[in-house]
Amino acid sequence: MIVDVRDLPEDESLRAEVVVVGSGIAGAGVAMHLARRGVDVIMLESGREVFDPEIQALNDVTFLGKPHRALDPEAGYHAYLPPQLRGVSRVRQFGGTSNVWTGKWKYLQPSDFAERPWVPFSEWPLSYEELQVHYRAAAADYGFEDLEAETQRPELGRLRTRIADAGLKMSSFWWEESPTRTRLRFGDEMQSLTNLRVVLGATATELRLDRSGRRIETVSCRSLEGRSLDVTGDQVVLAMGAIETPRLLLASDRDRSGGIGNAHDLVGRFYSDHPKHHSATLAPGPTTRAFANELQYGPKPRFCVCFALDDKTQKSRNLLEHVVYLKPIYSSRKRAALDTLLRRPACRDGIGRVADYRVKLATEQVPNPESRVRLDHARDRLGMRQAALDWRFTEQDHRSLAEIVKLCRERFEAAGLGVFDFGHGSPTIETMTDAAHQMGTTRMAIHPEKGVVDTDCRVFGTDNLFVAGSAVFPTGPSYSPTFTILALARRLAVHLLERRDAGVL
């Protein structure tokens, strides 16, 4: 069922087997998998069904380093969103940040999990094979087409061979017809499930430990209306994103100095995003003309492809992972007439004549312990200290980006894909935006000296506290993290079921 904290009795206390904080892709992924299998679940969400600017203001951040994009109701780039959400990278509303997501589902690649000696702190303590089963299970549940089968299509094989000769690689992603919004996809089912209680308007403000100091005893919540709610559970899952999760852990310092999970001063460190440039164009070359149908972006749902320098180049030149997306821009009548007059070769896909391709370039950044989320002195309306985000970059980030741009120019032209036009200058870290892909602040590791959560996503030093979402990513390869967030959430839910069945509460 779905209730509002305003409608609960004063000083209400709730209990469940599992408490999930957050209702986005990660939180809903854990909660729905468990609830469908008979587990008693409470899911807490700070927002409500309807977007509320006053609740959204609880997300306010003090930027100490590079800032994020800001709210821009006139932003054409996010014209598919309602004006109050354009430029917003984190949303406090039922469904979380899925409410602004574009719907691209992409696996991490096997190489993304491996240690790269030229990238500090780069190895995942999981393998691609360990996560693959959960990618597949989630894809089946969500009704996606088979990404692995798609990569074997003969047309893609021929395109892959063509670009490989120029030192480029290619991968695929599934683009939904309508992006998954968890409140729309699961709202009716959540309302009907008697063993799932979704509490809206309830902001988690503190985690309280029991006398042992190892178990979360209570999740304390407040609302803007002044209501208080204490929630207890055998297991607690934080699915609040890579800024709010460390914020809550750091703020929960009544029982443990420095906050929960922070014995080695790692909570909030290694913050990363994907610096993104999205205003370049590519004039199509002979390869894009020959494979224009494979570069088509619509109609959705469909598979699409993206490009990067190959692994050999990245290794030999100590470069970071990156991705180049090409979106067709279709010719106006005037442009088509001019191209015909100038005898420019026509580039046509299944929709129409392509004038150019809009280029979006995103890059990984080096895992950097000095890039971090802290607590600010300013407090929000609930009395919580606000997050202060110090988004920092290294010399390697700057050098890698400059060489990626240079080599992509050369190799896209050599592969016959076309010629880049970056307009007023090549992308730099300073001129790129964030991609709304916050990651890394409770990173996964084998040992507590290296991370905040273990390979089961359990917070080191606790017995029943877990983190779901991209906050646990040790590295942030340069494309959408959402499929990996969902796969890790599924993996965590399976683990919690196994703990329950084994009597580990």
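Taking amide hydrogens as placed 1.01 Å from N in the peptide plane, the amide H of ILE2 sits under 5 Å from those of VAL198, each at least 5 positions away in sequence or on another chain.
Take segment 359-505 with all the other protein chains still there, run a 1.4 Å probe, and you get 34 Å² of accessible area per residue.
Sequentially through segment 342-351, phi angles give Karplus couplings (6.51, -1.76, 1.60; θ = phi - 60°) of 8, 6, 6, x, 6, 10, 10, 10, x, 9 Hz, Gly and Pro residues having no value and appearing as x. Taking amide hydrogens as placed 1.01 Å from N in the peptide plane, the amide H of ASP356 sits under 5 Å from those of ILE329, each at least 5 positions away in sequence or on another chain.
The amide H of VAL91, built 1.01 Å from its N in the peptide plane, has THR97 as neighbours under 5 Å, considering only residues 5 or more places off or on other chains.
For segment 357-482, give the share of DSSP beta bridges that are antiparallel, in percent and rounded to the nearest 5; count only bridges with both residues there. Before the final figure, lay out the partial values.
Working: 7 of 8 bridges.
Counting only bridges with both partners in segment 357-482, antiparallel ones make up about 90 percent.
Phi-derived couplings, Karplus 6.51 cos²θ - 1.76 cosθ + 1.60 at θ = phi - 60°, listed residue by residue for segment 435-451: 10, 6, 10, 6, 8, x, 7, 10, 4, 7, 7, 6, 10, x, 6, 10, x Hz, with x used for Gly and Pro. Consider a paramagnetic label point 7 Å from the Cα of TYR80 along Cα→Cβ; state which residues of segment 283-297 have an amide N under 18 Å from it. Once the point is set 7 Å along Cα→Cβ of TYR80, 295-297 turn out to lie under 18 Å by backbone N, inside segment 283-297. With the cut-off at under 18 Å, measuring from each backbone N in segment 356-371 to a point 7 Å along the Cα-to-Cβ line of GLU403 picks out 362-367. Using only the Cα atoms of segment 1-56, build the gyration tensor, take square roots of its eigenvalues as a ≥ b ≥ c, and label the shape rounded, prolate or oblate: rounded if a/c is under 1.5, else prolate if a/b is larger than b/c, else oblate. Cα axes put segment 1-56 in the oblate bin. Computing FRET efficiency as 1/(1 + (r/R0)^6) for GLU54 and ASP456, where r is the C-beta to C-beta distance and R0 is 51 Å, gives about 0.90. FRET efficiency for the pair ASN318 and ARG158, taken as 1/(1 + (r/R0)^6) with r the Cβ-Cβ distance and R0 = 35 Å, rounds to 0.65.
Coupling constants for segment 303-312 follow from the phi torsions by the Karplus curve (6.51 cos²θ - 1.76 cosθ + 1.60, θ = phi - 60°), and in residue order they are 7, 10, 10, 9, 10, 6, 5, 5, 4, 4 Hz; glycine and proline get x. The calculated 222 nm mean residue ellipticity attributable to helices in the chain amounts to -7500 deg cm²/dmol, summing -39500 (n - 2.57) over DSSP H runs of n ≥ 4 and dividing by all residues. The count of lysine pairs in the chain that are at least 8 places apart or cross chains, and whose C-alpha atoms lie under 20 Å apart, stands at 27. Note on GLU370 and GLU130: their simple-model spin labels are 3.1 nm apart, each label 7 Å out from Cα toward Cβ.
Think of the chain as having a plus end and a minus end, set by charges on the Cβ of Lys, Arg, Asp and Glu; of ALA402, SER178, PRO328, PRO328 sits farthest toward the positive end of this dipole. Using the Cβ-Cβ distance between HIS447 and LEU342 with R0 set to 45 Å, the FRET efficiency from 1/(1 + (r/R0)^6) comes to roughly 0.10.
Among the listed options [x] 142; [y] 189; [z] 170, the one matching volume of the Cα convex hull per residue in Å³ as calculated from these coordinates is [x].
Protein heavy-atom surface of segment 65-105, 1.4 angstrom probe: 59% of the accessible area is carbon and sulfur, with nucleic acids and ligands not counted. Considering only beta bridges that DSSP places wholly inside the chain, some 65 percent are antiparallel.
Model label points for ARG36 and SER111, set 7 angstrom from Cα along the Cα-to-Cβ axis, are 3.4 nm apart. Given the C-alpha centroids of segment 230-309 and segment 454-468, what is the distance between them in whole angstrom? Centre-to-centre distance over Cα atoms comes out at 19 Å. Residue separation of VAL3 and ASN293 scaled by 0.36 nm, minus their Cα-Cα distance, works out to 99.7 nm of gained length.
Going by the alpha-carbon gyration tensor, a ≥ b ≥ c the square roots of its eigenvalues, is segment 1-117 rounded (a/c under 1.5) or, if a/c is not under 1.5, prolate (a/b greater than b/c) versus oblate?
It is oblate, given that a/c is not under 1.5 and a/b is not larger than b/c.
Looking at the square roots a ≥ b ≥ c of the eigenvalues of the Cα gyration tensor of segment 431-505, which shape do they give, rounded for a/c under 1.5, prolate if a/b is larger than b/c, or oblate? Oblate shape, in that a/c is at least 1.5 and b/c is the bigger or equal ratio.
The values are calculated or read from the model by the stated rules, or taken from the named source; none is laboratory data. Predicted model only: the values in this text are computed from it and were never measured. Note: ideal-geometry Cβ built from the backbone for every residue, glycine included; neighbour counts use all protein chains shown. Surface areas here come from the heavy atoms of the whole protein model, side chains and all, with no ligands, DNA or RNA. Shrake-Rupley method; radii C 1.70, N 1.55, O 1.52, S 1.80 Å.
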